């Protein structure tokens, strides 16, 4: 058995995979190392959809390539954690990009209909 940690839609899963077939059994392995964390961090729960990704503090970046379907904020707006900033369409699904911090929208870097890559800045919050 081999253990793998995979990330799907910003949710982390630990899986064990066993090879089947005509291969020889795997040699015994050393005890597994302690996991890097004991539970999925709260910012990666399904209820959050895609929360903001902070490159520089206050910079909300795109978690994946896609098309901006809607921009819900403008410069000067006050936001708090959980507020929807941008709707990003990726793989025919709409993803809500939400704020994780409170602050004032300093700049909106995207417009409706704009294509973005993963890591591109979307909104600056100060």
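Values quoted throughout were computed directly from the atomic coordinates according to the rules given, and no laboratory measurement underlies them. It should be emphasised that the depicted structure is a prediction, and the values quoted were computed from it without experimental measurement. Because the Cβ atoms are built from the backbone with ideal geometry, glycine has one as well, and the counts that use them run over all protein chains shown.
Model label sites at residue 69 and residue 114, defined 7 Å from Cα along the beta-carbon direction, differ in position by 1.9 nm. Between residue 89 and residue 6, the contour length at 0.36 nm per residue exceeds the Cα-Cα span by 27.6 nm.
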